[in-house]
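Right, one structure below, let's go through it.
The values are calculated or read from the model by the stated rules, or taken from the named source; none is laboratory data. It should be emphasised that the depicted structure is a prediction, and the values quoted were computed from it without experimental measurement. A quick note on method: Cβ atoms are made from the backbone with ideal geometry, for glycine too, and the neighbour counts reach across all protein chains shown. All accessible areas refer to the heavy atoms of the entire protein, side chains included, with ligands and DNA or RNA removed. Shrake-Rupley method; radii C 1.70, N 1.55, O 1.52, S 1.80 Å.
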Amino acid sequence: MKKQLASSLAIAFSTLAVWSCNQSDPAPKGDYVSGVFVMNEGNFSQNNGAISYFARENTTATADIFAIANGTALKGGVQDYAASEEQGIILVDNSAAGQDKVQFVERYTFKDEGSIGAPDIENPREVVIVGRKAYVSCWGTDVAKYSTGYIAVIDLTTKKVTKKINVADGPENLVYANGKLYVGTTQWGAGSKLAIINTTSDESTSPIATSGSANPVGIDANGKLWVNTGDKMLRINTETNATEATLAIATGGSKTPGNFTFSNDLKSIFFVLSWYDDAFKEHGATYKFSISDTQIAMVTPLIPRPFVGLAVDPSQGLLYAGVSPSYTQAGYAVRYRADGSVVDSIKVGIAPTGFFFQ
């Protein structure tokens, strides 16, 4: 009897131990829980954009994780990617009219979870997630003159566009802070202003006048908004909308600044200054300045080469730079330390213009 009781207790404790182990070690969520996602814009005429992925400790990438998960490609150029909770959102721009879309995926497996297409989404550019809403800047139908455009407000629960907020002149970059969505226009647009949307009411408020087409970069460590307007950088007080400082960028009249991104401590800004020669070959360099600087030093670049995309990993502080040899072959994600020294290079997809860190 005692042996039977001891045996029964042993089985019970063993079962409890197994159950406890199972409770503390749940099954993995998917193959893409933590790592770096690369937005490869692809060749626009071939609609072959893709999202690559690699773990931070790896030096090889999986080229097209959407195709692997779903057996079909995205069928367009990848403009942006963002994720929140269990959802991922891909902006897909197709060369054919009416074929653009917002593609939803399960965040950790990249399984297809539906999409929104035209006429709700036309030429999407960038996405920002605020709570259970996603804001997508869209150029609209007129991409030749950039005279149309809107912000599509998406309910992430229903996956439907609930509102289209009119922002003409090709709305582009988006920055969110404290209930306000700052909306820039394209470098070639006609709007010399920074639009502001109240994300509680989803209504436009009074814009901030700028000296040129506005490109919001982000919020710094002091809560100030930085905006690029061609050959100038503006530091704006988000409470008063007043421009507190203006820093000139020496462009020489022919060079174009772009791909601005903050350091992980939000105290420095990286950017690329580039130009093209008569053979349409790109030249340029990458620079860095502090938010406390009174002028942007342009004598010695941080990295003596241009890139098609820049981003900083907030967890490691490494600078990720996109290299695109051409629009017909795979590009590279090159990792740099904050001082400009190179770490390594990882082969990804065609035209790697953006990065998302998870």
query = With every protein chain left in place, what is the accessible area of Val130 in Å² (1.4 Å probe, nearest 10)?
reply = 30
query = According to a simple spin-label model (label point 7 Å from Cα along Cα-to-Cβ), what is the distance in nm between Ser147 and Ser315?
reply = 4.8
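Tell me the trypsin sites (Lys or Arg not before Pro) within region 216-287 that lie in a loop according to DSSP and have at most 11 other beta-carbon atoms within 10 Å.
Loop-located and lightly packed - Lys281.
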message = With unit charges on the beta carbons (Lys and Arg positive, Asp and Glu negative) and the dipole taken about the Cα centre of region 223-337, which residue among Thr256, Trp275, Thr286 sits farthest to the positive side?
response = Thr286
request  = Rounded to the nearest 10 degrees, what's the angle between the helix 2-24 long axis and the longest principal axis of the chain, both from Cα atoms, 0 to 90?
outcome  = 10
ask   = Stretch Glu85-Glu244 to full length: gain in nm at 0.36 nm per residue minus the Cα-Cα span?
value = 53.6 nm
request  = Using a cut-off of 10 Å between beta-carbons, work out the net charge of the residues near Gln87 (Lys and Arg +1, Asp and Glu -1, Gln87 not included).
outcome  = -1
message = Using amide H atoms built in the peptide plane, which far-off residues or other-chain residues are under 5 Å from Gly49 H to H?
response = Asn43, Gly76, Gly77, Val78
remark   = Reduced to Cα centres, the span from region 269-318 to region 191-238 in Å works out to 21
key: Sorted largest first, extent of the chain alpha carbons per principal axis (Å)   = 94, 46, 44
request  = Kindly provide the helix-only [θ] at 222 nm of the chain, computed as the sum of -39,500 (n - 2.57) over DSSP H runs of four or more divided by all residues, to the nearest 500 deg cm²/dmol?
outcome  = -2500 deg cm²/dmol
message = Net charge within 12 Å of Gln316 by Cβ-Cβ distance, Lys/Arg positive one each and Asp/Glu negative one each, not counting Gln316 itself?
response = +1
ask   = Taking the simple approach of a point 7 Å from Cα along Cα-to-Cβ for both Thr72 and Thr294, what is their distance in nm?
value = 6.0
task = Please work out how much length the chain gains when fully extended from Asp231 to Phe44, using 0.36 nm per residue of separation minus the C-alpha to C-alpha distance, in nm with one decimal.
result = 64.5 nm
request  = For every other residue with a beta carbon closer than 12 angstrom to the beta carbon of Lys101, add +1 if it is Lys or Arg and -1 if Asp or Glu, then tell me the sum.
outcome  = -3
inquiry  = Sequence gap at least 6, Cα distance under 8 Å: using those rules, report the relative contact order of the chain to the nearest whole percent.
reply    = 11
Cα-centre dipole for the chain with unit charges at Cβ (Lys and Arg positive, Asp and Glu negative), debye to 20 = 620
key: Whole-Hz ³J(HN,Hα) from phi, Karplus 6.51 cos²θ - 1.76 cosθ + 1.60, for region 177-186, glycine and proline x   = 7, 6, x, 10, 10, 8, 10, x, 10, 5
request  = Report the one residue of Gln103, Thr141, Ile151 whose Cα lies farthest in the direction of the positive end of the charge dipole of the chain (charges on C-beta: Lys and Arg +1, Asp and Glu -1; origin at the Cα centre).
outcome  = Gln103
ask   = If you find the alpha carbon centre of region 149-187 and of region 65-106, how far apart are they in angstrom?
value = 18
inquiry  = Below 8 Å between Cα atoms, with a sequence gap of 6+, how large is the relative contact order for region 216-357 in percent?
reply    = 14
query = For the chain, what is the accessible area per residue in Å² when the probe is 1.4 Å?
reply = 47
note = Counting lysine pairs in region 213-358 that sit 8 or more positions apart or on different chains, with Cα atoms under 24 Å apart, gives 10
ask   = Between Ala338 and Thr60, what is the spin-label point distance in nm, taking each point 7 Å from the Cα along the Cα→C-beta axis?
value = 3.3
key: Nearest-0.05 FRET efficiency for Ala221 and Glu282, computed from C-beta distance (R0 30 Å)   = 0.40
Close Lys-Lys pairs in region 51-206, where close means Cα under 13 Å and separation is 8 or more or interchain = 7
remark   = The answer for Val130, listing residues at least 5 apart or on another chain whose modeled amide H is closer than 5 Å to its amide H, is Tyr135
ask   = Roughly to the nearest percent, how much of the accessible area of the chain is carbon and sulfur, given a 1.4 Å probe?
value = 52
